[in-house]
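Asks: Okay, handing you the structure first.
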Amino acid sequence: MPPRRNKEKFQQLTEFERGKIIDLCEGGFSYRAIRARGQWNSSTVMRVWKQWINEHRTIRKTGSGRRKLMSACDDRYLLRMAVSERTASSRQLVARWSTATGVLMLASSMRRRLLHR
């Protein structure tokens, strides 16, 4: 049975490390030389340099997933609107919401948001 290799822990690069890689690339060092200096993987060095060349950014992209359409401020506004007009139906609230904010919303989404508050 072959011996098990220890899995390397993936560690994110800090802003300082990314800046150091970019400075070394701009200084004319090869990927291999940069890899040897900082103990980074050569593909990591190439990826950071490519991001810098194409997008002029050194920060990581934000996490994946669906973006929030409504902020906490919008939720508070929605709740305040529902409390002030207690007799209004969800469809009426949606119509008022759409005219006030310009964002379309379904009546079911309105009910769900109000129930979670």
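The values are calculated or read from the model by the stated rules, or taken from the named source; none is laboratory data. Predicted model, so just to flag it, every value in this text is computed and none were measured. Quick reminder, even Gly has a Cβ in these numbers, built from the backbone with ideal geometry, and neighbours come from all protein chains shown.
Asks: Cβ-Cβ under 8 Å, sequence separation 6+ or interchain: first residue in the range 74-100 and more than 17 Å from R112 (Cβ to Cβ), partner loosely packed, with under 11 Cβ neighbours inside 10 Å and at pLDDT 90 or above. Which pairs?
Replies: Final answer for the pair search is none.
Asks: Please state which of the following conditions R86 fails to meet, knowing it meets all the rest: (1) under 30 Å from D23 (Cα atoms); (2) part of a loop (DSSP other than H, G, I, E, B).
Replies: (1)
Asks: Report, by residue number, each residue of the range 94-110 that is assigned to a helix (DSSP H, G or I), closer than 14 Å to M70 by Cβ and not small (G, A, S).
Replies: V94, W97, T101, M110
Residue-by-condition table, conditions (1) at pLDDT below 85; (2) surrounded by 10 or more Cβ atoms within 10 Å (Cβ to Cβ); (3) touching a helix residue (DSSP H, G or I) at 6+ places or on another chain (Cβ under 9 Å):
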| site | (1), (2), (3) |
| --- | --- |
| P3 | yes, no, no |
| E8 | yes, no, no |
| E17 | no, yes, yes |
| C25 | no, yes, yes |
| F29 | no, yes, yes |
| W49 | no, yes, yes |
| W52 | no, yes, yes |
| T58 | yes, yes, yes |
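Asks: Continuing with the same structure: Spot the failing condition for M81; the list is (1) loosely packed, with under 14 Cβ neighbours inside 10 Å; (2) aliphatic (A, V, I, L, M); (3) assigned to a helix (DSSP H, G or I), and only one is missed.
Replies: (1)
Asks: Can you tell me how many residues in the range 32-49 are over 14 Å from F16 (Cα atoms) and of a type in the set (V, I, T)?
Replies: Total satisfying the criteria: 2.
Asks: Right, next: Quick one: would you say S64 is under 25 Å from the mean Cα position of the chain (by Cα), polar (S, T, N, Q) and part of a loop (DSSP other than H, G, I, E, B)?
Replies: yes
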